[in-house]
Structures are given as C-alpha cells and as structure tokens.
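First comes the structure, then the notes that go with it.
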Amino acid sequence: MTPSPSAASPAPSTTASPLSVVTGHAIEDPIHLEREPLPKRVLDLGFGGFLLAATAPAWPLIALAVKLEDGGPVFYRQRRWGQGGKLFELFKFRTMVSDSDEKHGVVEACDEDDRVTRVGAVLRSFGIDELPQVLNIMKGEMSFVGPRPLAVGEVVHDDHGNPIVWDRLPEFRLRMSVRPGLTSLATLYLPKDVERKRKFRYDLLYIRKRTFWLDVRLIALSLWVSLSGRWETRQKKI
C-alpha cells in the first residue's frame, strides 16, 4: 500500500535540540519539526475523547484482572522519545512481570516471551494494553497515527551486531519531526520482527505522504486488527 501523494506535507515550522541520553549533551544539528495540520489534532482530540468515554466502563475490569494475576502494579510507565527529542512518560496496562526492566533491561517483547503474563498475553493480542496511551494523545505528547515512540535506553544492534541505543542511529532524528503515534504504517504493514531500517523507512514514508484521510484509513485498519486479535502475530497485520 502506497499512500496517496495528492496532498503535500506542511512545511517545517520550528526546530529543537534533543538531549542525548548517551552523552548528556544536546544532539548536534537541531531537528526540524513538521507543522501539524489542524484537522489531524481535531481528529486526535475528537476520537480520543470518544474512545475514552466508550472504554471507561472496561478500565476497572482490566485493572482488576492485571492486579489479581500477580498483585503487581496495574499500569506500566516508560520514558519514550517524543517529537523534537523531548522525553515523555508513556502509559500502558502492565502486561509483563513487574520487575522485567530491572532484570532484563529495556528489551522489546519476543515470540513466546516468558516475561508476558497470562492476562498480558490477552491484552496484547487485542491491543487493549495500549488504551492508556489515549491519555498521552489528549495531553499532546502523541497522535493516533505516527512513528511509534522509541523507548529511552532500549538497546538495539547495528549491522555488525554491536549494541547501540536509539540516538546513535542516523534515522532516529528524522522520524522525530512529528508526534509519535499509537499506530503506524510500519506497525500495520511490516512483520513484527523485521529489521529496524525497514520500519524506519516506512516511518519516513508516512511523514512525507501523511494526510488526514491516510490517518483515518490507518485508524480504521488498526481497529480491525484489534477486533481480530492480531496485534501479537509476528507476520504482517494487513
């Protein structure tokens, strides 16, 4: 699927110099921030408000299920990279054992990951664990559609197998010109375990071709994936 190029992306508006978690100093060459179209923010607030109202009765039940399984915290909080390199705290319903980060570090979940709880496996399949991120959207830290926010301190590997962190990757800066999203082109159209460079290319494609109607389409497809319980499949969702 190739997004329609009929509408050009808005011109860059401002710049920011994010603080590197590696060196503690500002990253060289400020990041150009893309101006966000007003209809996109209206969509975020309108659909976000509707989703919060529609799912509010289920939140206590979800919280109870998470709590009853192992007595740990209901919510999981993690620092993520936001637009322009600003850090924010992302919210999720907890789906892993409570001491996962302390024991294993910030590592993405893999197939049949023994850190994932039984309740967590169900929540992840239907994307229910991501519901609290609607609060991040309402606060203006995220959008419904955009590159997925990367975890601060997450260790990945370069082409030679050497461990690195996000702000050492060349594509890292480019994808932070827009708000991170709850869903993305890469999340829907690429296998879960595909190499990072391919995911980043899809993120940059979205930034270049983004339109209001592309966002609506990706949200609709994401709802379909949620209802079909396909979020944890390692293959393409669509």
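Descriptive notes on the structure:
- Meets criteria (touching a residue at least 24 places away in the same chain (Cβ under 8 Å) and under 15 Å from the mean Cα position of the chain (by Cα)) for Lys192: yes
- Any chance Arg35 is modelled with pLDDT under 95 and under 19 Å from Gln133 (Cα atoms): no
- Matching residues, the stretch 170-225, being surrounded by fewer than 17 Cβ atoms within 10 Å (Cβ to Cβ) and not in a helix (DSSP H, G or I): Pro191, Asp193, Val194, Glu195
- Qualifying residue in the stretch 140-160 (condition: part of a helix (DSSP H, G or I) and in contact with a Phe, Trp or Tyr (Cβ under 8 Å, 6 or more places away or on another chain)): no
- The stretch 108-132, subset among the aliphatic types (A, V, I, L, M) and more than 20 Å from Ser184 (Cβ to Cβ), residue modelled with the lowest pLDDT: Val116
- Applying a threshold of 7 Å to beta carbon distances and a minimum spacing of six or more residues, or different chains, the list of pairs starting in the stretch 219-238 at a residue that is under 20 Å from Phe47 (Cβ atoms) and touching a residue at least 40 places away in the same chain (Cβ under 8 Å) and ending at one that is β-branched (Val, Ile, Thr) and part of a helix (DSSP H, G or I) reads Trp231/Val225; Lys237/Val225.
- Some residue of the stretch 72-92 being in contact (Cβ under 8 Å) with a residue 24 or more places away in the chain, in a loop (DSSP other than H, G, I, E, B), under 21 Å from the mean Cα position of the chain (by Cα) and under 22 Å from Val178 (Cα atoms): yes
The values are calculated or read from the model by the stated rules, or taken from the named source; none is laboratory data. Since the model is a prediction, treat every value here as computed from it, not as a measurement. FYI the Cβ positions are ideal-geometry reconstructions off the backbone, even for glycines, and counts take in every protein chain you see.
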